[in-house]
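Data first, discussion second: the structure below is written as structure tokens.
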Amino acid sequence: MRLVEEKSRAKINLILDVLGKRDDGYHELEMVMQSLGLSDSVFLEKIEQEGILLETQGPAVPQGPENLAYRAAQLMQKAYGLSGGVRIRIQKEIPVAAGLAGGSGNAAAVLLGLRRLYDLCIPEKELLDLALTLGSDVPYCLMGKTALAKGRGEELEVLPDCPHLYVVLVKPLFGVSTAEVFRAYDQGTRGPKPSLRDAILALWDGDGQALGASLGNVLEETTCAMHPVIRQIKAYLAQKTGAYGALMSGSGPTVFSLYETKESAFAAAKQAKRLFQAQTFLTETVQQGEEGYGLPL
Ligand code: C5P
């Protein structure tokens, strides 16, 4: 049987701004997204028995329809009348409910993997529309790289490649619900607005230091009000580790920091692991087709 493998990369938000609330209840966003070397591997193969057999490791990762990857396979089977069943095995490295698009990335990998496995000819726009029905970050996860995402997250524009930087991720042991964070945001706990212009100029200049100074996420203050330890992690990474900058990713709770050298990133990750009750990773920014690495400490 043919086995298809897709990489599902973690992402960070270099910028996350909320422009307003929409009539459909979602928020109008403006985000700069960046793919990382830290990734899950998604393996897909056809099976004779009808349905979807999802295999994951660890109790935190569901194996049924609660998993976005399962729903992505259901959607593809229905939309394209795929015959037989499919076995999907996900080797998880990216922490769950972390603000790193782990679940969204797995769903995008299933869409791409099934398209390959069944040799389907699906126009990009159609795949993006399917992706959006699964979640707001799934369209971006189809393309990866450095991108500007607007609307709910589905209006995508390619940005100049992010300069190569080493990235430390610090994920406290709890997860957060994106819906809950947006609800709290609506009730008024908001951080300062980031400057998209400054971030894009830094990308154009390939200037890691300027990029670090431009990082911003309006949801950071919202999630910090619920879980103050995030503020402590960010202050430590930003002020004590020689980072270009540090920020909470997405709706949290993971905080990332950016470095020019692997040595300074490694030292920061080791110290953060010692100081905080958190999962800590050392990884790097990657572009399409690049492998990159992402290792837990
Ligand atoms: O689209 P997704 O299912 O990933 O979003 C999770 C939750 O985050 C939504 O139910 C919604 O409450 C909130 N959200 C939002 N506006 C967005 C994206 C997500 O309000 N653009």
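Matching residues to (1) more than 16 Å from the ligand (Cβ to nearest atom); (2) in contact with a strand residue (DSSP E or B) (Cβ under 9 Å, 6 or more places away or on another chain); (3) assigned to a helix (DSSP H, G or I); (4) among the aromatic types (F, W, Y):
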residue: Q239; (1), (2), (3), (4): yes, yes, yes, no
residue: G242; (1), (2), (3), (4): yes, yes, no, no
residue: A246; (1), (2), (3), (4): yes, yes, no, no
residue: S251; (1), (2), (3), (4): no, yes, no, no
residue: S264; (1), (2), (3), (4): yes, yes, yes, no
residue: T280; (1), (2), (3), (4): yes, yes, no, no
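Out of everything in the range 40-51 that is part of a strand (DSSP E or B) and acidic (D, E), what residue ends up being farthest from the ligand (Cβ to nearest atom)? Selected residue: E45.
Residue by residue, here is whether (1) surrounded by fewer than 22 Cβ atoms within 10 Å (Cβ to Cβ); (2) within 20 Å of L173 (Cα to Cα); (3) aromatic (F, W, Y); (4) at pLDDT below 95 holds:
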| site | (1), (2), (3), (4) |
| --- | --- |
| V218 | yes, no, no, no |
| P228 | yes, yes, no, no |
| Q239 | yes, no, no, no |
| G242 | yes, no, no, no |
| S257 | no, yes, no, no |
| S264 | yes, no, no, no |
| A272 | no, yes, no, no |
| L275 | yes, yes, no, no |
| E284 | yes, no, no, no |
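Pairing each residue of the range 237-263 that is under 19 Å from G191 (Cα atoms) with any residue that is of a type in the set (V, I, T) and part of a loop (DSSP other than H, G, I, E, B), provided the two are 6+ apart or on different chains, yields C-beta distances under 8 Å for M248/T254; S251/V176; G252/V176; P253/V176; S257/T241.
For M76, the conditions (1) over 12 Å from L134 (Cβ atoms); (2) out of contact with any strand residue (DSSP E or B) (no Cβ under 7 Å at 6 or more places or on another chain) are fulfilled apart from (1).
Which one of these is within 27 Å of A268 (Cα to Cα), out of contact with any Gly (no Cβ under 7 Å at 6 or more places or on another chain) and within 16 Å of the ligand (Cβ to nearest atom): G105, G144?
Only one candidate passes the filter, namely G105.
Quick one: in the range 90-149, of everything that is charged (D, E, K, R) and over 16 Å from the mean Cα position of the chain (by Cα), which residue is modelled with the lowest pLDDT? Per the stated criteria, the residue is E124. Among the residues of the range 173-187, none is identified as open to solvent by less than 80 Å² (accessible area, probe 1.4 Å) and of a type in the set (K, R). The residue that is least open to solvent (accessible area, probe 1.4 Å), among those in the range 1-27 that are outside any strand (DSSP E or B) and farther than 17 Å from T222 by Cα, is G25.
Would you be able to say whether some residue in the range 22-39 is more than 15 Å from the ligand (Cβ to nearest atom) and without any contact (Cβ under 8 Å) to a residue 60 or more places away in the chain? No: the range 22-39 contains no residue that is more than 15 Å from the ligand (Cβ to nearest atom) and without any contact (Cβ under 8 Å) to a residue 60 or more places away in the chain.
Against the criterion of being in contact (Cβ under 8 Å) with a residue 40 or more places away in the chain, within 16 Å of the ligand (Cβ to nearest atom) and over 18 Å from V286 (Cα atoms), L173 does not qualify.
Of the numbered criteria (1) open to solvent by 40 Å² or more (accessible area, probe 1.4 Å); (2) part of a helix (DSSP H, G or I), the one R190 fails is (2).
The values are calculated or read from the model by the stated rules, or taken from the named source; none is laboratory data. No experiment lies behind these values; they were computed from the predicted model shown. Here the Cβ is made from the backbone with ideal geometry for all residues, glycine too, and neighbour counts use every protein chain on show. What goes into the accessible areas is simple: the full protein's heavy atoms, side chains included, and nothing from ligands, DNA or RNA. Shrake-Rupley method; radii C 1.70, N 1.55, O 1.52, S 1.80 Å.
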